[in-house]
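What follows is calculated from the coordinates using simple rules that are stated; it is not laboratory data. Everything numeric here is computed off the predicted structure, so don't read it as measured data. Don't worry about glycine lacking a Cβ; one is built from the backbone with ideal geometry, like all the others, and counts go over all protein chains shown.
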Ligand SMILES: Cc1ncc(COP(=O)(O)O)c(C=O)c1O
């Protein structure tokens, strides 16, 4: 803290990202990245775009990419917003749709960036307690004073809420914006994107960081009623008009154009997840039913922080959150076959 810091800066409580170890000789199962590379067509598109045109600003409106995403989802371009990672889209959404003095609701166990944004933008919030089995208590999200936001599937639990339940929350918050953060939806959930024409209060936020292997490119998007998208554009153009670089724009477009590769990668990860869940259960872990690319697990006899530290000593990184209710759980990203094999070899020794 310094005397030069603004009042706003002094009240921030920044998010702490998962470790990004400098050496590549680690098994990295801690930030839900995709263990498979982006589609070869994506890499090719990036190479093609790496030319003298980089001296020019990128499209401020990401028109090409928005057109591609709109046609992918059978929607109109003006229902799509593109941002620099979904974290940026989330931050803009907090600014665009939530107000100080009107409490927004999100689960007590959820993405830890939400309280960070709420504090930064001075938005009051109330944490809604998940049930004992970590499911979202739907009715407690009805009639929110300021709006609603939650990940579906939830993070870090991986637990999915059915589309019917999402719809109930939308129907019972008609005057407020409900944001569904679908960072992990492609690993087994049913997207709420299909509801955007029906609910003008729905904003769906997605990312290309997980299912599309593009965490390094930083592309996120929002889908919703055109009025909400106009609102997001107003915020974006009040902060930074060119949030995505030229290479990210073409990479993202190429990814949406290679459906076969995308489906194959998601399917492989889903199968690996199910295998890993059974192996963990066989080792005595309690594993939540996950529809994401990670597993949230706890062992009755092995302390979670100890497990995290032991694995880290052997260069295997998983995620541990030292927080009430979940400090006996670890979150394990689903890696490729070889990584999972090595992870389990070491885990068996520890357990
Ligand atoms: C629930 C959730 N939302 C959003 C994000 C942000 O993703 P990105 O900014 O890479 O698009 C993450 C990343 O881990 C996440 O877990």
Discussion item. I'd like the antiparallel share, as a percent to the nearest 5, of DSSP beta bridges with both residues in the range 40-258.
Written reply: 40
Item to complete: Find how many whole Å separate the alpha carbon centroid of the range 244-259 from the alpha carbon centroid of the range 73-126.
Response: 24
Practice prompt. Would you look at the GNM of the chain, springs on alpha carbons closer than 10 Å, and say which of 205, 235, 185 moves the most?
Written response: 235
Item to complete: Arrange the peptides 149-159, 26-36, 63-73, 206-216 so that the one whose residues have, on average, the most other Cβ atoms within 10 Å appears first.
Response: 149-159, 206-216, 26-36, 63-73
Worksheet item: When 306, 81 are ordered from fewest to most other Cβ atoms inside 10 Å of their Cβ, what list results?
Response: 306, 81
